[in-house]
Amino acid sequence: MKLSRRNALLGGATGLAAAGLISGQANAQTQAWPAHSATIPAGPAQPPGRGYRPVVTPNGATLPFRIVDGVKVFHLIAEEVEHEFAPGLNATCWGYNGRVHGPTIEAVEGDRVRVYVTNRLPAPTTVHWHGVILPSGMDGVGGLSQRSIHPGETFVYEWTLVQHGTFMYHSHHDEMTQMALGLMGMLVVHPRRRRGPQPDRDFAILLSEWYLPAGASRPDPNAMSDFNILTMNARCYPGTEPLLVRRGERVRIRFGNLSAMDHHPIHLHGYAFRITETDGGEIPASAQHPDTTVLVPTGSTRTVEFVADNAGDWAMHCHMTHHVMNQMGHGLPNLTGVNARRIDRAVGQVLPTYMTMGQDGMGEMGRHIGMGHMDVPDNSLPMVGAEGPHDYITMGGMFTILKVRDQLPADGSDPGWYDPPEGTMARAARTDELRRDGIDV
Amino acid sequence: MKLSRRNALLGGATGLAAAGLISGQANAQTQAWPAHSATIPAGPAQPPGRGYRPVVTPNGATLPFRIVDGVKVFHLIAEEVEHEFAPGLNATCWGYNGRVHGPTIEAVEGDRVRVYVTNRLPAPTTVHWHGVILPSGMDGVGGLSQRSIHPGETFVYEWTLVQHGTFMYHSHHDEMTQMALGLMGMLVVHPRRRRGPQPDRDFAILLSEWYLPAGASRPDPNAMSDFNILTMNARCYPGTEPLLVRRGERVRIRFGNLSAMDHHPIHLHGYAFRITETDGGEIPASAQHPDTTVLVPTGSTRTVEFVADNAGDWAMHCHMTHHVMNQMGHGLPNLTGVNARRIDRAVGQVLPTYMTMGQDGMGEMGRHIGMGHMDVPDNSLPMVGAEGPHDYITMGGMFTILKVRDQLPADGSDPGWYDPPEGTMARAARTDELRRDGIDV
Amino acid sequence: MKLSRRNALLGGATGLAAAGLISGQANAQTQAWPAHSATIPAGPAQPPGRGYRPVVTPNGATLPFRIVDGVKVFHLIAEEVEHEFAPGLNATCWGYNGRVHGPTIEAVEGDRVRVYVTNRLPAPTTVHWHGVILPSGMDGVGGLSQRSIHPGETFVYEWTLVQHGTFMYHSHHDEMTQMALGLMGMLVVHPRRRRGPQPDRDFAILLSEWYLPAGASRPDPNAMSDFNILTMNARCYPGTEPLLVRRGERVRIRFGNLSAMDHHPIHLHGYAFRITETDGGEIPASAQHPDTTVLVPTGSTRTVEFVADNAGDWAMHCHMTHHVMNQMGHGLPNLTGVNARRIDRAVGQVLPTYMTMGQDGMGEMGRHIGMGHMDVPDNSLPMVGAEGPHDYITMGGMFTILKVRDQLPADGSDPGWYDPPEGTMARAARTDELRRDGIDV
């Protein structure tokens, strides 16, 4: 018995065993009309999928569910959350279930899912399931597909997942405001039947951007440009948790981007990866190419995969240079090359202990602030970085570290910094080398 | 007899029957040098192509032509136009033939085309045919390929179309100014020989962005960022005409982007589509992938295709959240979470009736302005939306609706709002459901 | 004997003949795990590669090397440089070896390379080799992979190239500041074994953006938006050197982008090209598609290829309209359509001779400044262009010209402007034509 996809979407509220198989998106690629919907013929909901390898959301969490009469039941609570972007920098945001961003939702293709959404915010809201094929009335666009959920109300969304892939959820009511305050999360649907080797590590990272004036307690949703807090899973470096991988493992990273305005180019050091998936589905092998930077347009997901065969501590970050800075790295006067004495007096009114830095760049400023040599306003973050293994790391914002090791601690804890083998680290040149190689310094 | 492409470009002013066939871009993909020009060997112009299914330009028009001695003759008149972006918001722009943007030009591969351009603007101008392979002197770059067309003059461009696809035309003289004022349009070249199933619906949408201060009468071409009018075919929601499709039809949407600065990520709800074409030509099936958001870089076209098998009212919009707002949604002070009493007095000087909104977001503001509860400056647009079927739709700008129905009115009129089948719409949860599913609210 | 890639990276400091072959990235595409690292099994370093066709860096230079004991030895000197963006516009920047940007580094897959970096800047720095697979300690991220190089020090980086392709190098210490001042260059690795036809012309163009207030002597690295100097190889039009090609030649252009914030859409007139490579490696033929505009995300390279079969002078430029303007085209008041008399008095305080232009756009302004009819501040560039063959070219910034000719001067000099064949240039329409074609002007 082959039931239509429409039947599956409308299908009975409790999951009966499926009569037909979900044929998957692969078939879609072989049909004569080269560009059709990813929607697929599907039977009714299947038994709740189990046995997948869970996704890891660094700095995040996964939404628990219970199974009631064959339906996976989730509960999202939209509410105000006191959120820490990095140690020393907090703000009152809007999130789900006490988190910013909301926890990652995981399910399996063919599952019947039911999501209750409780609104504890002071404003109406909705939830849109970005990239998910579902009935129009479950799409979550306030006004267009449903009445918005008023403060205090609980709404219920329910549908059958007819696809697998990497998706997102977010408010779609007054979305400029509500997304800028943090109402978003990742949604991962595992395939019902796996094909080929699976990843050993499967990470989900949601990119977003905020404007938080130094000392302010709430992000400003009206900012259109010059964002000053750039985050991976709502954390900025040095608040981002590193990605831990054993050498030789297959690694998948699922990037989502729900930034207000920017398409973030995420660059991984030490590797080339392939882009294997968008929020529309899998990219066939014939259409893949190697890359080291994946441009994740806002309102999109991009999944990358690679074999982690190169040991080390590898930077992974947005390549927009102002997006690897923190809050205070923006909007300062240009002091490069300036004899700073007179300028100091003016700048000193904002940063009282500011004295002699800046005329050669910003690299030293984060360290001096960290050491207490410079004052910064309450609840603000120095523009750069953290102490690294060899020197101060002059990076912040949308920056994290992929740590690839021959061995990892069994308890999942951070292995510390990489210790490169003899002769594999940049170092000061010796005089005899310079002479041998004819280098005139 | 096989004539060279160069001969075709230079070929006689009137179209003789072609001696050779236009072989199409498919051949280009099989040659040894993997990346060469899309230009193709072609004979002289062929008889004027007919019999194609015309493109629909929502909110737009198609440029009429006449055939003179086998040549398709078009006439563009560059002139000032009073343009309505949406009801209540007008400006003096620059357009063609009384329209902003100019009408869509349609022709067929192998056609000989002659375009007269009359300049009724107060400044010199030119027309560039973006993506079109033609002789250097017909390329329309002011100064480089021709003398600019002075006010009052009529110039003539003429060449043979050696390709098919989705292209654009726009001023290429003082283009920062002239494009910001609206001098642009779409140019579609149908294939001489169709291969495979054709779309049932074929839409053309040109994206652009404007900066129009509230109350101003002309767009400001000097704005480099923070654009406040974001348009599809020069209209912003609720001024955009919905796309009407019968369920099961093959749909093609040709996006062009001639915005000053932004690459717009256009997201379609309810579907995954394939990206089948750029302004360089067709994307072969092996290189296609499914997606739900197509990033259209400025200075590019992207064609997407899908089968509309999912009934409903589906949002289609730029996913930059400030691009689904209208003019007044930008640049307001951040009131989120603020006890608004003191702030009200300050804001009230700009928006006299402004009182208690904003501290919980912008969602209610559009509705209240629409109901006359708030004053707005003359000739300006509330930041958001329109009344929808279930609630106020808090969207504006680069936003439209794809309406997919089992039946459409025979006269092409709007079918109204979608009425979802029983049990397929998000709704308030019942107490017994909450109890059954163990949801604690 | 097949040695591991890890051995190759750590391998002996002097190059012995390789025991195994470098198998290349092609293999990677056929393995079962569809998305793995581009890293490849490789033996130790091979004899220094020779015999490749050198890349041409317009307006730039190639870094010389010497071979010592089988190792290619390079020397980069980071230092302040007085740089000319275009005639009349200079600034004090940071570069390498007296150039902004640094010279292009060329080597061959399998080479052992040793790069000495001398720091003559007033601040610590490092060099990161973007896209290059190498040991973690050679990756050049200040603090994370090494101690930063202090002023006066010389560091040495050494590794074996296990890949080929188009890469970049740049400071990765205080990179927001140091890259904004110019510390970057291209790095091209030729394949050890060539496959298929090779390009006749192979160009490298590095895109970047700067903020230099009119009259200032140093770029401002704190600017996050509204950049006003947009460059190809650190030059803006009319300072950019044209690309000279004989008709029918195979052309490769390798674009790199290390702009602070923008993803530049580079549009080529007269052709469609294919995108054949990223900084991650080659794009297989099955995944290529034709295009006329390549979006180069910042922190990425994109290589395009085409056969130059269309003679002419072809514009190639960023399609963001404010990026084909020069410094003074930004931030002016909107005068379009204004009766300018009163405005003139206000503007006149900034531009003393400003009188009647602007109300019809900016097209005439560059020419008048060039003719001395308008004063501009010292060390600033009019907003647009240069005299062209037919008229004033109203373009600046990230703009250059591809000159395709049947013959080129043997000495490599500029062939001058293109002279289009009779009947192939846009021109004023004659009265008899208008009458014949029924055009009413």
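The values are calculated or read from the model by the stated rules, or taken from the named source; none is laboratory data. For clarity, every value in this text was computed on a predicted model and none was experimentally measured. We place every Cβ from the backbone using ideal geometry, glycine too, and count neighbours over all the protein chains shown.
Listing for the model above:
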{"item": "Filter result (facing another protein chain (nearest Cβ under 8 Å), in a loop (DSSP other than H, G, I, E, B) and more than 22 Å from A:Ala386 (Cα to Cα)) within segment C:137-159", "result": "C:Glu153"}
{"item": "Any hit, segment A:229-239, residues being buried (at least 24 other Cβ atoms within 10 Å of the Cβ), more than 18 Å from the chain's Cα centre (by Cα) and not β-branched (Val, Ile, Thr)", "result": "no"}
{"item": "Condition check for C:Val162: surrounded by fewer than 21 Cβ atoms within 10 Å (Cβ to Cβ), under 28 Å from C:Gly110 (Cα atoms), touching a residue at least 24 places away in the same chain (Cβ under 8 Å) and within 11 Å of chain A (Cβ to nearest Cβ)", "result": "no"}
{"item": "Total residues in segment B:391-441, condition among the small types (Gly, Ala, Ser) and over 30 Å from B:Thr321 (Cβ atoms)", "result": "5"}
{"item": "Residues of segment B:116-136 satisfying the condition of being over 18 Å from C:His319 (Cβ atoms), within 7 Å of chain C (Cβ to nearest Cβ) and either surrounded by fewer than 24 Cβ atoms within 10 Å (Cβ to Cβ) or touching a residue at least 24 places away in the same chain (Cβ under 8 Å) (or both)", "result": "B:Tyr116, B:Thr118, B:Pro122, B:Ala123, B:Pro124, B:Pro135"}
{"item": "Criterion violated by A:Leu161 - all others in (1) more than 30 Å from B:Val404 (Cα to Cα); (2) in contact with an Asp or Glu (Cβ under 7 Å, 6 or more places away or on another chain); (3) among the hydrophobic types (A, V, I, L, M, F, W, C) satisfied", "result": "(1)"}
{"item": "Single residue of segment A:46-85 satisfying the filter (crowded, with 19+ Cβ neighbours inside 10 Å and in contact with a Cys (Cβ under 9 Å, 6 or more places away or on another chain)) that is farthest from A:Ala216 (Cα to Cα)", "result": "A:Val81"}
{"item": "Odd one out for C:Ala214 among (1) touching a Ser or Thr at 6+ places or on another chain (Cβ under 6 Å); (2) modelled with pLDDT of 95 or more", "result": "(2)"}
{"item": "Answer from C:Thr39, C:Thr30 - the residue that is surrounded by 16 or more Cβ atoms within 10 Å (Cβ to Cβ) and either under 28 Å from the mean Cα position of the chain (by Cα) or at pLDDT below 95 (or both)", "result": "C:Thr39"}
{"item": "Residues located in segment A:389-414, provided they are in contact (Cβ under 8 Å) with a residue 40 or more places away in the chain, assigned to a loop (DSSP other than H, G, I, E, B) and more than 10 Å from every other protein chain (Cβ to nearest Cβ)", "result": "A:Met398, A:Asp406, A:Gln407, A:Leu408, A:Gly412, A:Asp414"}
{"item": "Count - residues of segment B:326-348 that are over 30 Å from B:Leu402 (Cβ atoms) and either modelled with pLDDT of 95 or more or more than 10 Å from chain A (Cβ to nearest Cβ) (or both)", "result": "10"}
{"item": "Subset of segment B:200-259 [within 17 Å of B:Gly396 (Cα to Cα) and among the aromatic types (Phe, Trp, Tyr)]", "result": "B:Trp210, B:Tyr211, B:Phe227, B:Tyr237"}
{"item": "Lone qualifier among A:Gly416, A:Gly388 - being in contact with a Ser or Thr (Cβ under 9 Å, 6 or more places away or on another chain) and either modelled with pLDDT under 95 or small (Gly, Ala, Ser) (or both)", "result": "A:Gly388"}
{"item": "A:Met261 in contact (Cβ under 8 Å) with a residue 12 or more places away in the chain, facing chain B (nearest Cβ under 10 Å) and touching an Asp or Glu at 6+ places or on another chain (Cβ under 7 Å)", "result": "no"}
{"item": "Selected residue (criterion: surrounded by the most Cβ atoms within 10 Å (Cβ to Cβ)) from residues of segment C:416-432 that are closer than 20 Å to B:Pro151 by Cα and hydrophobic (A, V, I, L, M, F, W, C)", "result": "C:Ala426"}
{"item": "Strands (runs of 3 or more DSSP E) fully within segment A:222-325 counting 3 or more residues that are at pLDDT 95 or above and under 30 Å from B:Pro284 (Cα atoms)", "result": "A:250-257, A:264-268, A:273-278, A:293-296, A:300-307"}
{"item": "The lone exception for B:Val113 - which of (1) more than 9 Å from every other protein chain (Cβ to nearest Cβ); (2) without any contact (Cβ under 8 Å) to a residue 40 or more places away in the chain; (3) over 20 Å from B:Met232 (Cβ atoms) it fails", "result": "(2)"}
{"item": "Hey, A:Val324 under 16 Å from A:Arg252 (Cα atoms) and β-branched (Val, Ile, Thr) or not", "result": "no"}
{"item": "Checklist (1) in a strand (DSSP E or B); (2) touching a Gly at 6+ places or on another chain (Cβ under 9 Å) applied to C:Gln163, failing item", "result": "(1)"}
{"item": "Residue in segment B:147-156 that is surrounded by fewer than 24 Cβ atoms within 10 Å (Cβ to Cβ), among the hydrophobic types (A, V, I, L, M, F, W, C), in contact (Cβ under 8 Å) with a residue 24 or more places away in the chain and in contact with a helix residue (DSSP H, G or I) (Cβ under 7 Å, 6 or more places away or on another chain) present", "result": "yes"}
